[in-house]
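Undergrad: For reference, the structure I am asking about is given below.
Read-outs throughout are calculated quantities, based only on the coordinates presented, and are distinct from any laboratory measurement. What you see is a predicted model; the values in this text were computed from it and never measured. Neighbour counts are summed over all protein chains in view; Cβ atoms, including those assigned to glycine, are modelled from backbone coordinates with ideal geometry.
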Amino acid sequence: MSVAEDIAQHARGQASPADAQVKMETRNVNVFYGEKQALFDVNLDIRQNQVTALIGPSGCGKSTYLRCLNRMNDVVDIARVSGSIKLDGDDIYDPNVDVVEIRARIGMVFQKPNPFPKSIYDNIAYGPRIHGIANNKKEMDEIVETSLQRAGLWDEVKDRLGEPGTGLSGGQQQRLCIARAIAVSPEVILMDEPCSALDPIATARIEELIDELKENYTIAIVTHSMQQAARVSQRTAFFHLGILVEEGDTEQIFTNPTDERTQDYITGRFG
């Protein structure tokens, strides 16, 4: 079986309900870093309780787009974003919007696991403390336990919550970072190549976790692995040279793309 056929077979198991509600709507999104334009008029919907995979060669704009979705580009001095990005119909770039609240509603998991230099417990408790989510230690304990359970990590760390998060394995650290994102009850979770630094076993565990999390969260994931996109996503968007070339149901993108550039990429002719 060819790589393309293998991907297509995985994708067939990822049917996407056509009537899924739109959670985030982006229209005519352009991003500039100084004089250089990185994204050109991107129009894409992120659907509720689904996984949307962003694929494409390095430097194509997929991570730049992902960072727009929770205003992470705000921290880059030379970055400028135009267009419309809405969460549940509200413009997240409105001047009156609280950016801290936006980032609580739209969590982020980065490429390299980045636990804080704190205990496992305090890594999870950090966000709820900042946002005043827990009123007492009992409530905080419940948040920590629930978050770690949802991230599939509780049974592995429940007896060492006071130990440093940095002492965990790479795969455990990434699940800790996912638990940390979950702890503030986000609605959307953004993942920027969350498995790129992990071994195959840890990667498989994260992929299983993503599949479980979509029941409660809306997820957008950047990945360089087309097999991973086929395994975990219901929708796929293909970026090339800062342009959204094509997006649709994952099965359709991998089995019957409408654009020749998409076909060339998924069959390995470039990328």
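Undergrad: Test of understanding: what is the full-extension gain from residue 110 to residue 74, defined as 0.36 nm times their sequence separation minus their Cα-Cα distance?
TA: 11.3 nm
Undergrad: Nearest 10 degrees, 0 to 90: what angle lies between the long axis of helix 137-150 and the longest principal axis of the chain (Cα atoms)?
TA: 40
Undergrad: Here is a further query. Along the charge dipole of the range 62-117, Cβ charges K/R +1 and D/E -1, which of 95, 85, 110 sits furthest on the positive end?
TA: Selected residue: 110.
Undergrad: Run through the DSSP bridge list for the chain and note the antiparallel percent, rounded to the nearest 5.
TA: Working: 25 of 42 bridges.
Around 60 percent of the beta bridges assigned by DSSP in the chain are antiparallel ones.
Undergrad: Something else now. Enter the angle in degrees (range 0 to 90, nearest 10) between the Cα long axis of helix 170-182 and the first principal axis of the Cα atoms of the chain, meaning the one along which they spread out most.
TA: Taking the Cα atoms of the chain, the angle to 170-182 is about 80 degrees.
Undergrad: Between residue 159 and residue 136, what FRET efficiency comes out of the Förster formula 1/(1 + (r/R0)^6) with R0 = 35 Å and r the beta carbon distance, rounded to 0.05?
TA: Numbers: r = 23 Å, r/R0 = 0.66.
Efficiency for this residue pair is about 0.90.
Undergrad: Also: What's the magnitude of the charge dipole for the range 193-268 around its Cα centre, counting Lys and Arg as +1 and Asp and Glu as -1 at the beta-carbon? Answer in Debye, nearest 20.
TA: Values: 5 positive and 14 negative charges, 23 e Å.
Computed charge dipole of the range 193-268: roughly 120 debye.
Undergrad: Per DSSP H run of n ≥ 4, the term is -39500 (n - 2.57); total these for the chain, divide by its residue number, and report the mean residue ellipticity at 222 nm rounded to 500 deg cm²/dmol. Walk me through the numbers on the way to the answer.
TA: Values: 11 runs with 100 residues, N = 271.
So the calculated ellipticity at 222 nm is -10500 deg cm²/dmol.
Undergrad: Counting only pairs 8 or more places apart or on different chains, how many lysine pairs in the range 3-266 have C-alpha atoms closer than 27 Å?
TA: 19
Undergrad: So for the chain, taking the charge dipole from beta-carbon charges (+1 Lys/Arg, -1 Asp/Glu), which of 172, 48, 26 sits furthest toward the positive end?
TA: 172
Undergrad: Counting Lys and Arg as +1 and Asp and Glu as -1, each charge on the Cβ, what is the dipole of the range 16-159 about the Cα centre in debye, to the nearest 20? Mind showing how you got there, number by number?
TA: On the way: 18 positive and 21 negative charges, 72 e Å.
Once rounded to the nearest 20, the dipole reads 340 debye.
Undergrad: By its C-alpha gyration tensor, with a ≥ b ≥ c as the square roots of the eigenvalues, how is the range 28-105 shaped: rounded for a/c under 1.5, else prolate for a/b larger than b/c, else oblate? Numbers along the way, then the final one.
TA: Numbers: a/c = 1.71, a/b = 1.12, b/c = 1.54.
The shape class here is oblate.
Undergrad: Before anything else, pin down the relative contact order of the range 3-266: Cα pairs under 8 Å, at least 6 apart, normalised by residue count, whole percent.
TA: Working: 511 pairs, mean separation 81.2, N = 264.
This gives 31 percent for the range 3-266.
Undergrad: Using DSSP loop states and a limit of at most 13 other Cβ atoms within 10 Å to flag trypsin sites (Lys or Arg not before Pro), what is the longest stretch of the chain containing no flagged site? Spell out each step's value before the answer.
TA: Values: sites that count: 12, 158, 160, 269.
Longest run free of exposed loop sites: 13-157.
Undergrad: Only four residue types carry charge here, +1 at the Cβ of Lys and Arg and -1 at the Cβ of Asp and Glu. Report the dipole size of the chain about the Cα centre in Debye, rounded to the nearest 20. Before the final figure, lay out each step's value.
TA: On the way: 28 positive and 40 negative charges, 113 e Å.
The dipole magnitude comes to about 540 debye.
Undergrad: Which residue, chosen from 65, 239, 121, occupies the Cα position most advanced towards the positive end of the dipole of the chain, where the dipole is computed from +1 (Lys, Arg) and -1 (Asp, Glu) charges on Cβ about the Cα centre?
TA: 121
Undergrad: Based on the alpha carbon coordinates of the chain, what radius of gyration and maximum Cα-Cα distance (Dmax) apply, in Å?
TA: Radius of gyration, then largest Cα-Cα span, for the chain: 18.5, 57 Å.
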